[in-house]
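Read the structure below first, then the notes.
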Amino acid sequence: MIRNSVNLHHLDESRFTPATSLREGGLELDSVDILEVIVAIEHHFNVKVDDAEMGKKHFRTLGSIAEFVQVQKKMTQHARAVGITGIGAVSCLGADVEAMWTNARSGISGIHDGLGRVADSVLELTPASVRANRALAFCIRSAEEAMAQSGWTSMGPEDGLILATTTGQFLEWDWAFTECVNGRLPRPDFRREFLHQPLGELSRAISAHFAHAGPSTVVTSACSAATQALAVAGMWLRASRVRRVLVIGVEVLCDLTCEGFRSLQLLSLEPARPFDQERKGINLSEGAASLCLEAKADVAAGASAPLAWLAGFGITTDGYHMTSPHPDGEGSYQAMRQAMAKADLRAGDLSWVHAHGTGSVHNDLAEGAAIARLCGDACPWVSSTKWLHGHALGASGALEAVLVIKAMRENIVLPSYGLRKADEAIALRFATREQPGPILHVLKNTLGFGGANAAIVLSAPEAVQ
């Protein structure tokens, strides 16, 4: 970078060492040259040298430049860190976070007959005004739990709401589809139901429940939706677009989803066994998870200590196939690499990779290749928890982030239950039983239909000062 900025290509690379002086006896740069170096540093490393004259005095050796860049990147990372101050969830694994966690630690699967249904009795725990809509009830249940933990008593116009789902907002459409197939609804009426289904209706209902008038959006990027929603929340907070963000991932089981996956021959009647040599497919499930996010400065000034930090995130698209990932996991690799770069971490810094790990043949192979490429010989523990709770599609990233945060708090790695013999084509360091911490940094990865990929880095409170 310095050779390019001040045209030092005539010098041998051996001259460029940490001890090399920028001035006499070294690179022989004058004051103008050093100003050009400062501009190059700011552009190349995305840091700011506030006082150029002081910079000229401080930058005496190449090592002093490297030290400055490292310090500035750490300061920037910490200043822009996003705190997660509250979590809530409802799933086939439990009616709230603690119930889910207890069952997860006990290795109790919520999958029955190949599906992960939320018990109808859970609806009785939600406000009567929202019980008629299963997706809305799940959202409100998980959001109220998360907000209570964060100490949020309301949502103001400066707060954001991001909803992640696939079919969670299509309950009326699913009813119309079933009625049409069974001959009880004429096709013109079905077409009208389909065209008039508001895509933002569920988000609007959530905002109405909390009297929220701030920014809101819906992310519907297939199975990576909730992870992408967390990334969008991080972007909003880092850009100071909002003060706080409530992220909700929700999914409900419906005929459209079940029949669609059945037609692809992707379903398993037994709990999924991600990365296993004899894996047979995925388990569809339902539920919701909510996370309250705040900028680091607001976390420091508020009453709630962070449960974890959203330290990095990445979003990519393969564009490879409608339903299959890129065979080499190219897009997934790039998303994870982006997340790691934003968190300023290397593979050796990770304690755990919580994989998407659905239990499908092609997904696990592609993701395994991506993780192996990313981590190399420094591979941390790798596991997927879908044997426990199934694949909640658009909500999966949020549900699994909640479990990761609980595991980080307990300093353990949750295992891949159901993994008996790892696929020989996937050479990773799998956790088949609980592994002790410390757990400082976790990479959470997701893949979705259409090549939609997302990854986030969650860091323990003590890992970001």
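In the range 212-230, the residue that is nearest to MET336 (Cα to Cα) out of those that are surrounded by fewer than 22 Cβ atoms within 10 Å (Cβ to Cβ) and of a type in the set (A, V, I, L, M) is ALA222. Annotation: CYS258 fulfils all but one of (1) part of a helix (DSSP H, G or I); (2) within 27 Å of ASP113 (Cα to Cα); (3) at pLDDT below 80; the unmet one is (3). For VAL242, work out the one condition from (1) in contact with a helix residue (DSSP H, G or I) (Cβ under 6 Å, 6 or more places away or on another chain); (2) hydrophobic (A, V, I, L, M, F, W, C); (3) part of a helix (DSSP H, G or I) it doesn't fulfil. Checking VAL242 against (1) in contact with a helix residue (DSSP H, G or I) (Cβ under 6 Å, 6 or more places away or on another chain); (2) hydrophobic (A, V, I, L, M, F, W, C); (3) part of a helix (DSSP H, G or I), the one that fails is (3). Test ALA311 against the criterion of being of a type in the set (A, V, I, L, M), buried (at least 24 other Cβ atoms within 10 Å of the Cβ), under 30 Å from ALA427 (Cα atoms) and under 21 Å from the mean Cα position of the chain (by Cα), and give yes or no. In short, yes. Of the residues making up the range 313-330, those that are under 18 Å from ALA229 (Cβ atoms) and touching a Ser or Thr at 6+ places or on another chain (Cβ under 9 Å) are PHE313, ILE315, THR316, THR317. In the range 22-33, what residues are surrounded by 15 or more Cβ atoms within 10 Å (Cβ to Cβ) and at pLDDT 70 or above? Result: ARG23, GLY26, LEU27, LEU29, ASP33. Considering the range 59-166, the qualifying helices (runs of 4 or more DSSP H), each wholly inside and each with 3 or more residues that are modelled with pLDDT of 95 or more and in the same structural domain as ARG262 (by TED's automatic domain parsing), run over 97-106, 134-150.
Do we find that ALA233 is surrounded by 18 or more Cβ atoms within 10 Å (Cβ to Cβ) and under 19 Å from ILE405 (Cα atoms) in this structure? Against the criterion (surrounded by 18 or more Cβ atoms within 10 Å (Cβ to Cβ) and under 19 Å from ILE405 (Cα atoms)), ALA233 qualifies. Here PRO198 meets the list (1) at pLDDT below 85; (2) assigned to a helix (DSSP H, G or I) almost entirely, failing just condition (2). If you filter the range 352-373 down to residues that are under 16 Å from the mean Cα position of the chain (by Cα) and part of a loop (DSSP other than H, G, I, E, B), you find that the one that is surrounded by the most Cβ atoms within 10 Å (Cβ to Cβ) is GLY357. Candidates VAL232, VAL250, VAL181: the one that is closer than 18 Å to ILE140 by Cα and either at pLDDT 95 or above or more than 26 Å from the chain's Cα centre (by Cα) (or both) is VAL250.
Based on this model, can you work out whether GLU278 counts as acidic (Asp, Glu), buried (at least 24 other Cβ atoms within 10 Å of the Cβ) and at pLDDT 95 or above? The answer is no for GLU278. Of the residues making up the range 332-345, those that are in contact with a helix residue (DSSP H, G or I) (Cβ under 7 Å, 6 or more places away or on another chain) and either surrounded by fewer than 24 Cβ atoms within 10 Å (Cβ to Cβ) or outside the structural domain of SER416 (by TED's automatic domain parsing) (or both) number 2.
The values are calculated or read from the model by the stated rules, or taken from the named source; none is laboratory data. Computed from a predicted structure; not experimentally measured. Every residue, glycine as well, gets a Cβ built from its backbone with ideal geometry; the counts of neighbours run over all protein chains shown.
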